[in-house]
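Colleague: First the structure, which I've put down as structure tokens, then a few questions once you've had a look.
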Amino acid sequence: MLALHNTKCECGHQNAVGTVLCESCGKPLMEDMENDAPLEMRYDGVARRSQKSNPNPIDKIWNFFSSVKIAVYLIVITLVTAMFGTIYPQEGSFLNNFKPSVYYEETYGLPGKLYYKLGLSHTYDSWWFITLLVMIGTSLVICSLDRVLPLYRALSKQQIRKHLRFITRQKTVYAGQVEGNTDEWVKEFSVHLKKKGYKIHTDGSALLAEKNRFSRWGPYINHIGLILFLLAILGRSLPGWQMDSYVNIPDGDTVPIEGTNYYVKNEKFTVEYYKDEELPPELQGTIRAKKYETNAILYKCTDNCGDDATGEPVLQQVKQQEIEVNHPLKHDGLKLYQFDYDVTPKLKSVSPMLVNKETGESYGPFELPMKDAPLDYTLGPYKMKLAANYMEFGIGEDGEPVTLSRDPNAPAFIFLITGPGLPEKGQPYIYFPMQKDKEKFDQDKLNASIADKLEIKVDGMDNVHFAEASTYLNVRKDKALTYVWYGAAISMLGLLLGSYWQHRRIWLRIDDGRLSLGAHTNKNWYGMRADVAYALRKSGIAVEPKSLDNGGNNA
Amino acid sequence: MGKYRKTVQIVILLAVLVVGGYAIGNTLFAAKEEGIPKIGEQPPEFTLADLQGNTHNLSDYKGKAVVINFWGSFCPPCVKEMPEFERQFEKWKDSGLEILAINLSEDTLTVNNFVRRFDLSYPILRDVNRKTEHKYGLESYPTTFFVKPDGTISDVFVGGMTEKDIDSRVNQLLQ
Amino acid sequence: MSYVDFSSDAFIVAFFLYCFAFLFYVVTIAGKKWSNRDPEKHEKRWSRISFVTSTLGLIAHLTFFFTRWFGSGQIPTSNMYEFITFLGMAIMIAFTVVYAIYRKPLLGMFSLPLVVLVIAYASVFPQEVQPLIPALSSIWLKVHVTTAALGEAFFAVGFAAGMMYLIRVVDFKQTSKEARRDQFWVEFSLYTIVLVIGFIAVVFIFRGAGYEATFNQEKVTIDSKGVDHSSEDTTKYTLPPIVKPYNSQAVEMDSFLGMDKPLFEAPSWMNGINAGRKLNTVIWSVIAGSILYGIIRLLFRKRIGAVIHPLMGDIDPEDLDEISYRAIAIGFPIFTLGALIFAMIWANIAWGRFWGWDPKEVWALISWLYYSAYLHFRLSRGWQGKRSSWLAVIGFVVILFTLVGVNLVIAGLHSYAGV
């Protein structure tokens, strides 16, 4: 059993175990009475709730988290581990097709491999980092609760007349003689303190002046805000609360947004660059985007939705908007942000004509999309049947034409043409829409005799249609966000209250004309001394503020 | 207040345990879906149309030995292995083997020409906008999944397969 | 004359006023011991002169800031030069606020050289107005950058006061083990500051001489189809290349003291052409700083700490401790608001996520955690005086790394503000 005998103060008040200063008169209970050093005034000397003479296992866990020392260690460990996470880029900063197991070793060699193996490549969502945050959260709750309740109790029932030792062992003190009527002097003194915003309580020749008590709650309000903030972040992992994905849409395409019932179309992507005269000399000639935006249409799917539907989805337009950096499209909690773009042109379709080289007559133009082109064309007296197509034309090992990819990088089309002067069963004609391929594969030679009679050709660039750019949109949804902001706001409020206002108290008693004054603040002793010196000077006692200092800690 | 202390302590510690456990558990068990389905797992469900427009659900094939093959005409090993699959299909189809060859979102003409060229008789399914491909997390082609009648994967093969490769795996699948 | 040109003039005026204010503060402190004068009167008179000068400097600096803003049409905090000068201005504002509370001229003797150093450092970076990339144009960016810088400025004043405290209390005559350790670290901190001066001096000397060397680095990458692509990166050195980038060729190089080819090559793990250049700059700074430090030591035949220490004889160390702590306590909420909350609001608007664990964000968080640890150590663990001052000094190093180091060493989203 811990020494229980000293919990009863000489003033008759029964204090809890662990009390440093009597809750009623302020008499120091724990230490040697002969000591004259300034008192430890933290939490007004009340016992923390957790202090108990014989702790059970639950108390022990509680006490662990109740310790500020542990809290500071947790903060320090968290900040050190957070540093490690910034050595190499985190996995999360890469987009698709990223293989972390290969990337780190390939890029950074052995250190990179170790970095990956140790799990530092995803530090911030690793179990141990989250565990640290959970422990900090726990510590925030328990530390605060353990201190704020007793502190509240102590501050709401303060006694005006304090023990003399309590007063003289404050960090800011004054002692001296007062002439004349002591009650009158106290009254005058309190008038001057009132001007400084103090609330005055008197008990005969004893006085308690107090201001800005609310600032004591600042740290706890701050902690409540932080807890709310942490909980809100945790809430994001609840199903349906948060999503974060990227879509790549070429100009004119419509793509589904995975995980939702929405589709989004890139009507047109535009990018504007800085003109040379807008750039400083050393940047002239470089390409710097000034503004880029996507004219996007958001659709809701009403039928044939989802991955398993086989038919064409039925879409209903919901919203159309220009999406720009800093100006996302917002609908029903879903937000589409401009993320990036790619301005490498991709051929979409051409509108060529069929030209009879002998007569000079031309037929068409006809529309030839790169993907899923129609199979039959009728052009004047000619009929064409699309026999084969290749997205990226090439010749395979066996000499047969093959496609090297499924993207229209070097498209080729084989038509079977019938008509006047051509065989009954038709004559094949290979057509390369892109000039470079036409030359590379020597279209005329492949077509042989028919090349002298007919030609499929595009008349001018107007008849070539590129998807000039594709835009990358970032799709986000975050229900927890509101709480995140509330948490941040509350925490900020607490910080402001706790930092820019200080709880100041002045105790005073006059025993047989001898004035004893002690003052305490939780921060800013400089201001505390200035207040005391001001009131003393106005009441006829000139004193240098600095001389009031009794030494000790400068919290 | 003092007499409730114990209750308060227990309530708060329990709350911490639940909330914190949830947070930590999330990071431990929300293992990222990386890569393709593995042996012993169930392959993701899909509903796709074949060249005739009939829809096929993977779940329709439950109770049968199924080979799911992803292919494209642009991938030479795919082109090479397709006839070998055809011969294997002829060999095993009476024993109940099903082959679902999923094309990697190419256009109709390309697929039709390809099928005609090799005279394939097993169903060719058409993926659209690379959806199924993404669902399976494919990174290279061809990729073939061997699915047992109980609906779990018995083997995964990434890359072109020879007839011998296919034969031994189908043999195992049908036992 | 355009507004931007005018602003450059105002900047030079501010710079010189700061230099003079620094001299005046030194006179205020050191002059108290001069004969034939009443120390109190002297201090009163000169601290007023100093404060007026430094405030005039701040006004000129504000003029620079607003005319440049008006002239360029965008808030001048968007490249390294503008941001660092803004930081210097914020430190001046923070100093003025703290000075108004405590009226300790000694604080000027430490804060002003800090400001001068910060501004000189800013001038190392290219000074042209650069157009903003779209991600940067938002009102929240302005609010975020300015508030964060102001918070950091208070930490800087806390650092200055902490440094003063250490020089004041560390006894340079004692030879006990603990005293020697303290002496070493105080001197090391001062040496680091001299290195920064050395860096700035070297950059300006060679800039004045118009020194240039250019290197090419060929990079070969093999794409998915197996085709080689070679690309060339070029970097321009403004300091003579002691170290050239890994695997690079000199395109042209001015001769320096008969040195007409690089002495060494950067190791292969230093990827990228700029890593070599940065290494070269670091080597030059160390050389120049060490020479400068050597000259100072030769001149005074004492350690720098021991030179300054006697000047501070009649300063109450408790005041310094309190000022350091107060500056940090005032700065902490501002920093929280600017570097975290406003940053989150802006990130949420610009990228749709309020937090992305980008290195710059992580380091802002690290700084915040660091200073909250500082406050807890002080409030609850009773860390005062020396320990608290060391924390304030190290904290400023953390802040500097967040501001500059992250851009130089770690690449991330914020690297567009880079060097």
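Colleague: Please count how many residues of the stretch C:334-366 are free of Cβ contacts under 8 Å to residues at least 24 places away in the same chain and β-branched (Val, Ile, Thr).
Modeller: Residues flagged as free of Cβ contacts under 8 Å to residues at least 24 places away in the same chain and β-branched (Val, Ile, Thr) within the stretch C:334-366 amount to 2.
Colleague: Hey, could you check the stretch A:234-287 for residues that are part of a loop (DSSP other than H, G, I, E, B), of a type in the set (A, V, I, L, M) and touching a strand residue (DSSP E or B) at 6+ places or on another chain (Cβ under 6 Å) and say which is modelled with the lowest pLDDT?
Modeller: The selected residue is A:Ile287.
Colleague: Follow-up. Take the conditions part of a helix (DSSP H, G or I), of a type in the set (S, T, N, Q) and more than 14 Å from chain A (Cβ to nearest Cβ) and apply them to C:Asn280. Does it pass?
Modeller: Against the criterion (part of a helix (DSSP H, G or I), of a type in the set (S, T, N, Q) and more than 14 Å from chain A (Cβ to nearest Cβ)), C:Asn280 qualifies.
Colleague: Are any of the residues in the stretch A:529-547 within 40 Å of the chain's Cα centre (by Cα) and within 14 Å of chain C (Cβ to nearest Cβ)?
Modeller: The answer is no; no qualifying residue exists.
Colleague: Looking at the stretch C:87-99, is at least one residue at pLDDT below 85 and within 14 Å of chain A (Cβ to nearest Cβ)?
Modeller: Keep residues of the stretch C:87-99 that are at pLDDT below 85, which gives none.
No, the stretch C:87-99 contains no residue that is at pLDDT below 85 and within 14 Å of chain A (Cβ to nearest Cβ).
Colleague: Considering only residues of the stretch A:288-299 that are within 12 Å of chain C (Cβ to nearest Cβ) and in a strand (DSSP E or B), which is least open to solvent (accessible area, probe 1.4 Å)? Spell out the reasoning first.
Modeller: Going residue by residue through the stretch A:288-299, those that are within 12 Å of chain C (Cβ to nearest Cβ) are A:288-293.
When the remaining residues are screened for being in a strand (DSSP E or B), the result is A:289-293.
Details: A:Ala289: 17, A:Lys290: 71, A:Lys291: 80, A:Tyr292: 32, A:Glu293: 34 Å².
The selected residue is A:Ala289.
Colleague: Please work out which one of (1) in contact with a helix residue (DSSP H, G or I) (Cβ under 6 Å, 6 or more places away or on another chain); (2) more than 12 Å from every other protein chain (Cβ to nearest Cβ); (3) hydrophobic (A, V, I, L, M, F, W, C) is the condition A:Met384 fails and give its number.
Modeller: It fails just one condition, (1).
Colleague: So, one more: Tell me which residues, restricted to the stretch C:34-61, are hydroxyl-bearing (Ser, Thr, Tyr) and farther than 30 Å from C:Ala10 by Cβ.
Modeller: Within the stretch C:34-61, just C:Ser35 meets the criteria.
Colleague: Count, please, the residues in the stretch A:419-434 that happen to be closer than 19 Å to A:Ala448 by Cβ and surrounded by 16 or more Cβ atoms within 10 Å (Cβ to Cβ).
Modeller: Of the residues in that region, 8 qualify.
Colleague: Now, a different point. Hey, can you tell me all the residues within the stretch C:347-363 that are open to solvent by 10 Å² or more (accessible area, probe 1.4 Å), assigned to a helix (DSSP H, G or I) and more than 7 Å from chain A (Cβ to nearest Cβ)?
Modeller: C:Asn348, C:Lys360, C:Glu361
Colleague: While we're here: For a quick check of your reading: which strands (runs of 3 or more DSSP E) sit entirely within the stretch B:80-175 and have at least 2 residues that are away from every other protein chain (no Cβ under 11 Å) and not basic (Lys, Arg)?
Modeller: Hits in the stretch B:80-175: B:97-103, B:143-147, B:153-158.
Colleague: Residue by residue through the stretch B:91-119, note down the ones that are under 23 Å from the mean Cα position of the chain (by Cα) and open to solvent by 50 Å² or more (accessible area, probe 1.4 Å).
Modeller: The answer is B:Lys93, B:Ser95, B:Thr108.
Colleague: Can you tell me which residue in the stretch A:449-462 is nearest to the chain's Cα centre (by Cα), limited to those that are more than 19 Å from A:Pro420 (Cβ to Cβ) and at pLDDT 80 or above? Can you show your working first?
Modeller: Looking only at the stretch A:449-462, we keep the residues that are more than 19 Å from A:Pro420 (Cβ to Cβ), and these are A:457-462.
Checking the rest, the ones that are also at pLDDT 80 or above come to A:457-458.
On the way: A:Lys457: 54, A:Val458: 52 Å.
The residue in question is A:Val458.
Colleague: So in the stretch A:113-123, with the set limited to residues that are surrounded by fewer than 18 Cβ atoms within 10 Å (Cβ to Cβ) and assigned to a helix (DSSP H, G or I), which one is nearest to the other protein chains (Cβ to nearest Cβ)?
Modeller: A:His122
Colleague: Among the residues of the stretch A:158-203, what is the count of those that are part of a loop (DSSP other than H, G, I, E, B) and free of Cβ contacts under 8 Å to residues at least 40 places away in the same chain?
Modeller: The total comes to 3.
Colleague: For the stretch C:121-146, give me each residue that is at pLDDT 85 or above, among the aliphatic types (A, V, I, L, M) and crowded, with 20+ Cβ neighbours inside 10 Å.
Modeller: If the condition is that a residue be at pLDDT 85 or above, among the aliphatic types (A, V, I, L, M) and crowded, with 20+ Cβ neighbours inside 10 Å, then C:Ala122, C:Val145 are the ones that fit.
Colleague: In the stretch B:39-68, what residues are open to solvent by less than 70 Å² (accessible area, probe 1.4 Å), in contact (Cβ under 8 Å) with a residue 60 or more places away in the chain and part of a loop (DSSP other than H, G, I, E, B)?
Modeller: Correct list: B:Gly40, B:Pro43, B:Pro44, B:Phe46, B:Leu51, B:Gly63.
Colleague: Looking only at the stretch C:34-55, count how many residues are open to solvent by less than 90 Å² (accessible area, probe 1.4 Å) and assigned to a helix (DSSP H, G or I).
Modeller: Going through the stretch C:34-55 one residue at a time, the tally reaches 12.
Colleague: Also, quick follow-up: Tell me whether the stretch C:310-329 contains one or more residues that are away from chain A (no Cβ under 14 Å), open to solvent by less than 10 Å² (accessible area, probe 1.4 Å) and either part of a helix (DSSP H, G or I) or among the aromatic types (Phe, Trp, Tyr) (or both).
Modeller: yes
Colleague: Considering only residues of the stretch A:375-398 that are in a strand (DSSP E or B) and out of contact with any Leu (no Cβ under 8 Å at 6 or more places or on another chain), which is least open to solvent (accessible area, probe 1.4 Å)?
Modeller: In this case the residue turns out to be A:Tyr390.
Colleague: With part of a helix (DSSP H, G or I), free of Cβ contacts under 8 Å to residues at least 12 places away in the same chain and over 27 Å from C:Phe342 (Cα atoms) as the only criterion, which of C:Ala60, C:Ala100, C:Ala120 stands out?
Modeller: C:Ala100
Colleague: Given the criteria in a helix (DSSP H, G or I) and closer than 16 Å to C:Gly385 by Cβ, does C:Gly158 qualify? Talk me through it step by step, then tell me what you get.
Modeller: Numbers: in a helix (DSSP H, G or I): yes; closer than 16 Å to C:Gly385 by Cβ: yes.
So C:Gly158 passes the test.
Colleague: Here is a further query. Take C:Leu375 and decide whether it is closer than 25 Å to A:Val72 by Cβ and either among the hydrophobic types (A, V, I, L, M, F, W, C) or facing another protein chain (nearest Cβ under 7 Å) (or both).
Modeller: Considered against the rule, which asks whether it is closer than 25 Å to A:Val72 by Cβ and either among the hydrophobic types (A, V, I, L, M, F, W, C) or facing another protein chain (nearest Cβ under 7 Å) (or both), C:Leu375 comes out as yes.
Colleague: How many residues does the stretch A:369-400 contain that are free of Cβ contacts under 8 Å to residues at least 24 places away in the same chain and more than 48 Å from the chain's Cα centre (by Cα)?
Modeller: Residues in the stretch A:369-400 being free of Cβ contacts under 8 Å to residues at least 24 places away in the same chain and more than 48 Å from the chain's Cα centre (by Cα): 11 in total.
Colleague: Next question. Select, from A:Asp372, A:Asp407, the only residue that is facing chain B (nearest Cβ under 10 Å), out of contact with any helix residue (DSSP H, G or I) (no Cβ under 7 Å at 6 or more places or on another chain) and part of a loop (DSSP other than H, G, I, E, B).
Modeller: Result of the check over A:Asp372, A:Asp407: A:Asp407.
Colleague: Only one of (1) loosely packed, with under 15 Cβ neighbours inside 10 Å; (2) in a helix (DSSP H, G or I); (3) in contact with a Lys or Arg (Cβ under 9 Å, 6 or more places away or on another chain) is not met by A:Tyr486, so which one is it?
Modeller: The one condition A:Tyr486 does not meet is (3).
Colleague: Could you tell me whether the stretch A:100-108 includes any residue that is buried (at least 20 other Cβ atoms within 10 Å of the Cβ), at negative phi and not assigned by TED's automatic domain parsing to the domain that holds A:Tyr246?
Modeller: The answer is yes, given that some residue of the stretch A:100-108 is buried (at least 20 other Cβ atoms within 10 Å of the Cβ), at negative phi and not assigned by TED's automatic domain parsing to the domain that holds A:Tyr246.
Colleague: Now, a different point. May I ask you to list the residues in the stretch A:494-535 that are touching a strand residue (DSSP E or B) at 6+ places or on another chain (Cβ under 8 Å), among the polar types (S, T, N, Q) and not in a strand (DSSP E or B)?
Modeller: Result: A:Gln502, single match.
Colleague: Then there is this: Given the conditions (1) open to solvent by 30 Å² or more (accessible area, probe 1.4 Å); (2) touching a residue at least 60 places away in the same chain (Cβ under 8 Å), which single one is not true for A:Gly460?
Modeller: So the condition that A:Gly460 fails would be (2).
The values are calculated or read from the model by the stated rules, or taken from the named source; none is laboratory data. Since the structure is predicted, the reported quantities are computational estimates derived from the model, not experimental observations. As a convention, Cβ positions derive from the backbone with ideal geometry for all residues, glycine included, and neighbour counts pool all protein chains shown. Each accessible area value is taken on the protein alone, full model and side chains, heavy atoms only, with ligands, DNA and RNA left out. Shrake-Rupley method; radii C 1.70, N 1.55, O 1.52, S 1.80 Å.
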